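Reviewing the structure listed below.
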Amino acid sequence: MGIHGLVSVGVPAGQPVWLLYIKGAILVLSVVILGLAAWSISIFGGYNGVLVYGTGAGGLVIFVVIKTWIVYGGALALEIWAPQYFYRIAAFVLYILSIIFWLSAWAWSASLAGLWLGYNTLGGVLPKEYKDEGSALGACAGLGALVW
């Protein structure tokens, strides 16, 4: 009896309308996060000095944003235009994966933001690139925690 609602097809009849607005807000915030993550990658050109090779946390955030567009955008479109194709169990599994990926992305971004902003050279003066990288990743972490 309890699992019947989860394996059913279609949008639940009593689903509040404000959930659609929350999903829309998640999609809008993810666009802002995408811009910040792309900026954090562009600061060092994919090479983060001597500390990290590759795109690092910014690359993970971009992956999570694209995955969010697919999951939440697809669910939103199905709920509005084709509710008969909305499989609740698939949505449930994808939402759980989104929670895990967003937690990983904003936690790693926060960790690297602390690394870049806490890195002191030249007698306590923080180089501009380090400050920009830390600020971009810190903003990704903050907004990512809000989406999470």
Residue identified as crowded, with 18+ Cβ neighbours inside 10 Å, of a type outside the set (Ser, Thr, Tyr), more than 19 Å from Ala25 (Cα to Cα) and in contact with a Phe, Trp or Tyr (Cβ under 7 Å, 6 or more places away or on another chain) among Trp116, Trp102, Trp108 | Trp116
Looking at the range 79-89, which of the residues that are in contact (Cβ under 8 Å) with a residue 40 or more places away in the chain and either in contact with an Asp or Glu (Cβ under 9 Å, 6 or more places away or on another chain) or among the hydrophobic types (A, V, I, L, M, F, W, C) (or both) is nearest to Ile33 (Cα to Cα)?
-> Ile80
Only helices (runs of 4 or more DSSP H) wholly contained in the range 48-148 count here; list those with 1 or more residues that are among the charged types (D, E, K, R) and at pLDDT 90 or above.
-> 56-68
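The values are calculated or read from the model by the stated rules, or taken from the named source; none is laboratory data. Given the structure is predicted, the values throughout are model-derived calculations rather than measurements. Positions of Cβ are generated from backbone atoms using ideal geometry, with glycine treated the same way; all protein chains shown enter the neighbour counts.
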